[in-house]
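A.B. asks: Mind having a look at this structure? Questions to follow.
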Amino acid sequence: MKISVIGCGYLGAVHAACMAELGHDVVGIDVDAAKIASLSAGAAPFFEPGLPELLSSGVASGRLRFSTNIEETKGATVHFVAVGTPQKPGSDAADLRFVDASFEALLTQVGPGDLVVGKSTVPVGTAARLSESVEAAGATLAWNPEFLREGFAVKDTLAPDRLVYGVKAGDAASVATLDDVYATAIAAETPRLVTDYATAELVKVAANAFLATKISFINAMSVVADATGANITELADAIGHDARIGRRFLNAGVGFGGGCLPKDIRGFMARADELGVGDSLDFLKNVDAINLAQRERVVQLALAAAGGDLAGTRVAILGLAFKPDSDDVRDSPALDVAVRLKSLGATVLATDPEAIETSRRVQPDLDYVATLEEAAKGADIVLLLTEWKQYRELDPAALAEITAGRTIIDGRNVLDSARWREAGWEYRGLGRP
């Protein structure tokens with residue numbers, strides 16, 4: 001099929017490359033000329049495992065191209081809109097300027113019978129509003145939310161765990177078209193749910209709200225564990241065996257971040273307020289507050305390890321991205337903690353396998369080094385804040401040879417505490433005795 005993808009940020013670039021990999025003829029459109037130049041050369045402008053290979057093969061095959069010219073969408077019959085929806089400045093609500101501008105530009109190019117497919121995460125009611133202008137242009141609108149995990153986005157696009165189509169009642173043609181787009185996944189018997197616009201819009205934010213709640217729940221339990229001497233990891237293992245609860249996302253630590261969960265739950269609350277049902281989501285305020293409080297807990301652990309005064313204390317920060325296998329530092333707990341420690345007088349040296357440059361762009365005053373050895377050399381305290389594989393597998397004896405102190409704060413609760421203590425380290429985690 002001939003497909004256009006409007007917006008070539010994280011979501012759009014991955015979607016375009018994967019659609020080409022599936023055999024479609026794809027053009028990606030974005031207003032950022034530098035980004036388009038990079039993508040056209042087969043280079044990803046951000047870190048995502050597997051994406052560079054797909055970009056290179058897609059461009060080389062001729063099935064994938066990129067442009068800043070919206071007129072290049074002519075000839076495509078399916079148009080995906082995958083632009084960002086950040087928080088509005090000074091508000092929790094989603095900023096839909098990019099979505100609205102993309103639709104306005106695209107609808108000058110669509111033809112009768114074309115299908116416009118929204119993939120952006122938007123407040124419920126957006127699709128119904130946009131459908132009027134789409135239909136006035138002779139096209140049809142569907143909403144097809146994304147469920148990508150950074151670090152696994154290629155896999156999640158090529159082999160999704162479910163497909164959701166939001167369409168108007170009786171719109172069998174749009175369903176058939178999307179089935180053709182996702183024919184490979186359909187053939188693999190991927191669960192497919194056909195629903196209305198509102199439900200499709202709510203699926204993504206509801207899923208993120210649930211995941212955020214689960215993470216904040218176990219973090220709240222870790223506070224209780226610290227107060228009682230219980231072990232939060234063993235507690236999570238025990239309750240995770242309950243099939244109604246499950247073990248995934250029950251890992252206590254410095255909290256969640258990134259470009260989705262924090263802004264999506266805040267946007268969800270803002271939209272609920274607009275709809276007059278804000279009380280139903282009041283619990284998400286506590287979810288957000290618990291999450292942010294975890295950062296301060298880690299700062300207080302470092303402060304206590306330094307005897308109450310971080311001035312002159314050399315601190316190594318291992319990890320800056322909000323999660324491993326990503327260079328994304330949007331609302332990153334790790335980067336936030338690093339900045340707070342420096343503000344308290346610590347000498348901070350921070351490192352990350354992929355996120356140094358993205359961190360430097362938003363926090364240029366931090367001191368960054370390329371390797372964990374450089375960060376840890378002469379450090380009094382080491383903080384593990386992003387659970388990259390190489391940090392999880394650190395040898396405590398080898399690390400002790402280059403640090404000045406022997407205190408490690410495990411902000412992700414991923415290290416073997418007994419092993420580190422046996423090697424002479426003072427180990428501190430969250431909710432772990």
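A.B. asks: Does the chain come out rounded, prolate or oblate by the C-alpha gyration tensor, with a ≥ b ≥ c the root eigenvalues, rounded set by a/c under 1.5 and, if not, prolate when a/b is larger than b/c and oblate if not?
C.D. replies: Prolate shape, in that a/c is at least 1.5 and a/b is the bigger ratio.
A.B. asks: Roughly what % of DSSP beta bridges within the chain run antiparallel, to the nearest 5?
C.D. replies: Given both bridge residues lie in the chain, the antiparallel proportion sits at roughly 5 percent.
A.B. asks: Now for a different question. What's the carbon and sulfur percent of the chain's accessible surface, probe 1.4 angstrom, rounded to a whole number?
C.D. replies: It is 55 percent, rounded to a whole number.
A.B. asks: Ignoring ligands, DNA and RNA, how do SER133, SER174 rank by accessible area with a 1.4 Å probe, largest first?
C.D. replies: Sorted by accessible area, descending: SER133, SER174.
A.B. asks: Just to check I understand the Karplus step: with θ = phi - 60° and J = 6.51 cos²θ - 1.76 cosθ + 1.60, what whole-Hz values come out for the range 153-169, glycine and proline as x?
C.D. replies: 5, 5, 4, 5, 7, 6, 9, x, 7, 6, 10, 10, 10, x, 9, 6, 4
A.B. asks: Please state, rounded to one decimal and in Å, the Kirkwood hydrodynamic radius that the range 331-425 gives when every pair of distinct Cα atoms enters the mean of 1/r.
C.D. replies: 13.8 Å
A.B. asks: Among all the lysines, which ones have a C-alpha under 29 Å from LYS214's C-alpha, if same-chain residues fewer than 8 places away are not counted?
C.D. replies: Partners found: LYS88, LYS119, LYS155, LYS204, LYS263, LYS285, LYS323, LYS389.
A.B. asks: Also, I was wondering about something else. Specify which residue in the list THR407, GLY267, LEU318 is farthest towards the positive end of the charge dipole of the chain, using unit charges on the beta carbon of Lys, Arg (+1) and Asp, Glu (-1), about the Cα centre.
C.D. replies: Positive-end residue among those listed: THR407.
A.B. asks: Further, regarding this structure: Accessible area per residue, 1.4 Å probe, Å², for the range 122-162: what's the number?
C.D. replies: Value for the range 122-162: 38 Å² per residue.
A.B. asks: Work out the charge dipole of the chain with +1 on the Cβ of Lys and Arg and -1 on the Cβ of Asp and Glu about the Cα centre, then indicate which of SER133, LEU383, TYR427 is farthest towards its positive end.
C.D. replies: Looking along the dipole axis, the top candidate is TYR427.
A.B. asks: State to the nearest 20 debye the size of the charge dipole of the range 235-362 about its Cα centre, where the only charges are +1 on K and R beta carbons and -1 on D and E beta carbons.
C.D. replies: 240 debye
A.B. asks: To the nearest 20 Debye, how big is the dipole of the range 291-334 about its Cα centre, given +1 on the beta carbon of each Lys and Arg and -1 on that of each Asp and Glu?
C.D. replies: 120 debye
A.B. asks: Same structure again: Loop-only check: which trypsin sites (Lys or Arg not before Pro) in the range 145-210 are DSSP coil with at most 14 other Cβ within 10 angstrom?
C.D. replies: ARG149, ARG162
A.B. asks: Right, something else. About its Cα centre, how strong a charge dipole does the chain have in debye, to the nearest 20, once Lys and Arg get +1 and Asp and Glu get -1 at the Cβ?
C.D. replies: About 420 debye.
A.B. asks: Could I ask something else about it? Put +1 on the Cβ of each Lys and Arg and -1 on the Cβ of each Asp and Glu in the chain; which of THR177, SER102, ASN291 then has its Cα farthest toward the positive end of the dipole?
C.D. replies: ASN291
A.B. asks: Compute the orientation-averaged projected area for the range 206-262 from the convex hull of its Cα atoms and round it to one decimal in nm².
C.D. replies: 4.0 nm²
A.B. asks: Whose amide H sits under 5 Å from the amide H of THR195, counting only residues 5 or more places off or on another chain, with H placed in the peptide plane?
C.D. replies: Placed amide hydrogens put TYR165, GLY166, VAL167 under 5 Å from THR195.
A.B. asks: Going by the alpha-carbon gyration tensor, a ≥ b ≥ c the square roots of its eigenvalues, is the range 1-120 rounded (a/c under 1.5) or, if a/c is not under 1.5, prolate (a/b greater than b/c) versus oblate?
C.D. replies: oblate
A.B. asks: Further, regarding this structure: Is any helix in the chain, taking whole DSSP H runs, at least 30 angstrom long along its axis by alpha carbon and on average at least -0.5 on the Kyte-Doolittle scale, and which ones?
C.D. replies: 197-228, 283-305
A.B. asks: If you don't mind, there's one more thing I want to ask. What distance in nm separates the simple spin-label points at MET1 and THR195, each placed 7 Å from Cα in the Cβ direction?
C.D. replies: Once both label points are built, they end up 2.1 nm from each other.
A.B. asks: Please work out whether the range 36-101 counts as rounded, prolate or oblate from its C-alpha gyration tensor, where a ≥ b ≥ c are the square roots of the eigenvalues and a/c under 1.5 means rounded, while otherwise a/b larger than b/c means prolate and anything else oblate?
C.D. replies: Oblate.
The values are calculated or read from the model by the stated rules, or taken from the named source; none is laboratory data. Given the structure is predicted, the values throughout are model-derived calculations rather than measurements. In this analysis, Cβ positions are derived from the backbone assuming ideal geometry, glycine residues included, and neighbour counts consider all displayed protein chains. For the accessible areas, the whole protein counts, side chains as well, though only heavy atoms, and no ligand, DNA or RNA atoms are used. Shrake-Rupley method; radii C 1.70, N 1.55, O 1.52, S 1.80 Å.
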